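Comments concern the structure below.
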There are 2 protein chains.
Amino acid sequence: MPRKVDHESRRRALAEAVCALAAERGAEAVTLRDVAARAGVSMGAVQRAFATRDDMLVFALEHVGERVMTRVRAKRVRPGHGSPLATLANELALLNKARRAEAAVWLAFVAQAAFTPRLSKVLRGSYRELLGAIATALDAEEALALLALADGLTLHVLVGQLTPARAKKILDAHLSRLADEREQSSTTV
Amino acid sequence: MPRKVDHESRRRALAEAVCALAAERGAEAVTLRDVAARAGVSMGAVQRAFATRDDMLVFALEHVGERVMTRVRAKRVRPGHGSPLATLANELALLNKARRAEAAVWLAFVAQAAFTPRLSKVLRGSYRELLGAIATALDAEEALALLALADGLTLHVLVGQLTPARAKKILDAHLSRLADEREQSSTTV
DNA sequence: GTTGTTCCGATGCATCCGCATCGTATCAAC
DNA sequence: GTTGATACGATGCGGATGCATCGGAACAAC
């Protein structure tokens, strides 16, 4: 009976606006009015889509998490293959210049999550899934180390401490070291 | 002629208050009033010490940077010694539970720095000095990787994705791998 | 075309923010 | 004790924010 509006896609569109703003100014600085303006709707529409600002941020974080995971799944690691792992790792580190915006979003949310349990819970869910994808090719501890290194590199790139190229070089060095070790252990045993 | 007040120590005391609040709620959420209240002075005193809120944050970041570097310098790495390097790395990763607060401050500022050039400049200065300390024992690229890994681990601990113990284990594994490689290359060459 | 329901733009409100201002307290110099 | 400079607590202001409210627009059902 009512006017039909696809709630879910509306929320996704708003989440995109949230991400764009978070990448520019950080998650904390995202306001309802700005989101509305960026998405080209009024504040009322935003308020209808999300009961509260916190809900909006949580949804946006889940949204980016799903997007990243979709990409990762598309390049799912096959055990024993070094190359797909490298591809995946580069995906994770978000080092391509094109993905710098997404990396900024990621940092904005991680930073906020450290002080907001609701967000950190969402984030841990994403990480768990990500680790699952990596762990098919590596043991758990190696996977955790790889993830931490990728995140650390991303962070240094965002702060301007590292160029993307240099970060990629470091990441590749780590990966080839892993590959060497696996080869060595498989031949010696 | 005037009433004497040690400006520098006053600012340091305020910086401590800033850090305490940043560790609890993030750097963005630090307000002048809260800082004044936490430090037990009035807003006027805070305003006298710092011309602007941004100045206050920058000073606070410099303050923690100096504190960390003081600790690091005390455990300065000696070339060829594996153990001091391990000590240093553990110092860096801020993994001790006692230093969790400091790690939170660090993240709060790093997150803010990604969107605030003034802060990122200060941060890069600290990182540069830190790298100099590590690079006496490692080549530049290994040092960068170690720093990134340490930061990534700290981050995952703060988000609750990793326990401090597990992070330390991963860091130690990385360090021993580095030590192995150095030994290997020095014996084979 | 009327009705019923959903959607949403506009507006109001209480709160909090950073910053400016001002009057008073404090203390050294003379 | 007077003077002069500094420190600082109190207060005000303009602006922004999250959230609540409300009236009308849009549209399906009949």
Tell me the distances, shortest first, between A:Glu181 and the same position across the other copies, using label points 7 Å along Cα→Cβ, in nm to one decimal.
1.0
Each residue of A:22-35 has, on average, a number of other protein chain C-beta atoms within 10 Å of its C-beta equal to 2
So, in Å, what gap is there between the alpha-carbon centers of segment A:115-189 and segment B:1-66?
37
At 0.36 nm per residue, minus the direct Cα-Cα distance, what do A:Glu141 and A:Arg12 gain on full extension? Give it in nm, one decimal, please.
43.0 nm
Distances in nm between the label point of A:Lys121 (7 Å along Cα→Cβ) and its equivalents in the other copies, shortest first, are 4.2
Using a label point 7 Å beyond Cα on the Cα-Cβ vector, give me the inter-copy distances for B:Ala29 in nanometres, one decimal, shortest first.
1.9
Once you place label points 7 Å from the Cα toward the Cβ at B:Arg124 and B:Ala29, how far apart are they in nm?
3.0
Could you size up the charge dipole of segment B:108-189 around its Cα centre, putting +1 on the beta carbon of Lys and Arg and -1 on that of Asp and Glu, and report it in debye to the nearest 20?
440
What nm distance separates the two modelled labels at A:Glu62 and A:Ala45, each placed 7 Å from Cα along Cα→Cβ?
2.2
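Every number in this text was worked out from the coordinates using simple rules, so none of it is lab data. Values in this document were obtained by computation on a predicted structure and should not be read as measured data. FYI the Cβ positions are ideal-geometry reconstructions off the backbone, even for glycines, and counts take in every protein chain you see.
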